[in-house]
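Structure first, commentary second.
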Amino acid sequence: MARWSITLLIAGSGALGPSKENQIDAFSMHIADVQDADLDQLHALSISVGWPHRGEDWQFLREVGEGVVTNDEIGRIMGSAMWYRQAENLATIGMVITSPRLQTQGTGLWLMEYALNELEGCNLRLNATRAAQRLYHSLGFTPEKTVFQCQGVVKDGAGAACDAPQGDLRVLTKDDLPAITALDGAAFGVVRAGLIDKLLAQSVGYGLFRDGALTAFALCRRFGRGHVVGPIVASNDADAIDVLSPHIKEHEGRFLRLDTHFESGEFAHLVTSSGMSVFDTVLTMSLGERLRKFGTDVVEGPVTYSLVSQTLG
Ligand SMILES: CC(C)(COP(=O)(O)OP(=O)(O)OC[C@H]1O[C@@H](n2cnc3c(N)ncnc32)[C@H](O)[C@@H]1OP(=O)(O)O)[C@@H](O)C(=O)NCCC(=O)NCCS
């Protein structure tokens, strides 16, 4: 890995003297591989910006992706950026964090420039928080669609739908992997076999089958404060509801999260009425060719009803 480094000049709070104030002249950081980073420090970094990731969530992201951290001179992690080569022609970027102490002084831009350099020639997609949108816009990313981060302690608002699925609804197994991967790929825009394989291994999944063919599915795994349902892929609201409903039932009284581009309609209504209210929004942005259409724009065929995560898309 090429060695990139930066020295930030940090303004102190006043003159030197026998007061409680002090002035720090300079602060040097260098880029290091996220794979070698201390997991507890990565965890502390995401907590410092209020993100819910556990150490295990960071570890999963390291297993499926690449990235860098910025270390100060004594090895403290002050920033991060990761990227995921979903296919030869598409990568997603995420986990872009600057320690609050250092924000608005160029670290985010530095990390992004490093990532863009590594990903030259690739079409890029990311989900931008409000704080990051100006940064990404300045790098040429353009907005695509709002993501609604829905979460909360769920109550069973799904009973009726679950009792009458529009096909055969069953738990997914490893044997279903090729069908899950193909359906996800049709919705996401590229086939991401490695990722779906790893996700299935740590998820409980429900699939809806008609004439033996998988028509919709929803995976659910541990994440952050509880569980997250994603991805959900289906061709219409009714099918999406069929595969989401058992997860809602199973997590009654517990914390569940779901990130979706759907703001209205029966699916969105079920999500919010079951207790997962809109906690925040982020903006899907892209640079290069857009390889996917969004649920609300597609007339026919499978679409992504909920993301794997904001980081992985
Ligand atoms: C988003 C984030 C990574 C930016 O890091 P940073 O080190 O502050 O970024 P930079 O100093 O390079 O600033 C880049 C641009 O973003 C702007 N910016 C930074 N923080 C901002 C904020 N909170 N609100 C609005 N704009 C902000 C800067 O002013 C700068 O714009 P300019 O070049 O026009 O002046 C940082 O605020 C952060 O970690 N936020 C919490 C986690 C997060 O939201 N990550 C983004 C995930 S998509």
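The values are calculated or read from the model by the stated rules, or taken from the named source; none is laboratory data. Given the structure is predicted, the values throughout are model-derived calculations rather than measurements. So basically every Cβ, Gly included, is an ideal-geometry build from the backbone, and we count neighbours across all protein chains shown. For accessibility, only protein heavy atoms count, side chains too; no ligands or nucleic acids. Shrake-Rupley method; radii C 1.70, N 1.55, O 1.52, S 1.80 Å.
Considering every residue within segment 245-258, establish whether at least one is among the hydrophobic types (A, V, I, L, M, F, W, C), free of Cβ contacts under 8 Å to residues at least 60 places away in the same chain and not in a helix (DSSP H, G or I). No: segment 245-258 contains no residue that is among the hydrophobic types (A, V, I, L, M, F, W, C), free of Cβ contacts under 8 Å to residues at least 60 places away in the same chain and not in a helix (DSSP H, G or I). When segment 107-154 is limited to residues that are closer than 25 Å to V190 by Cα and among the β-branched types (V, I, T), the one that is nearest to the ligand (Cβ to nearest atom) turns out to be T129. So T181 passes all but one of these: (1) of a type in the set (V, I, T); (2) without any contact (Cβ under 8 Å) to a residue 24 or more places away in the chain; (3) surrounded by fewer than 15 Cβ atoms within 10 Å (Cβ to Cβ). Which condition number does it fail? Among (1) of a type in the set (V, I, T); (2) without any contact (Cβ under 8 Å) to a residue 24 or more places away in the chain; (3) surrounded by fewer than 15 Cβ atoms within 10 Å (Cβ to Cβ), the lone unmet condition for T181 is (3). Of all residue pairs spaced 6 or more apart or on separate chains, those with beta-carbon atoms under 6 Å, a first member in segment 112-140 that is open to solvent by less than 10 Å² (accessible area, probe 1.4 Å) and a second member that is within 9 Å of the ligand (Cβ to nearest atom) and in a helix (DSSP H, G or I) are A128/Y136. Applying the criterion of being among the aromatic types (F, W, Y) and in contact with a helix residue (DSSP H, G or I) (Cβ under 7 Å, 6 or more places away or on another chain) to the residues of segment 192-219, the residue that is most open to solvent (accessible area, probe 1.4 Å) is Y206.
Within segment 259-279, track down each residue that is in contact (Cβ under 8 Å) with a residue 60 or more places away in the chain and buried (at least 19 other Cβ atoms within 10 Å of the Cβ).
Scanning segment 259-279 gives D259, T260, H261, F262, A268, L270, V271, S274, G275, M276.
Evaluated against (1) polar (S, T, N, Q); (2) open to solvent by 50 Å² or more (accessible area, probe 1.4 Å); (3) more than 8 Å from the ligand (Cβ to nearest atom), T104 falls short on exactly one condition, (3).
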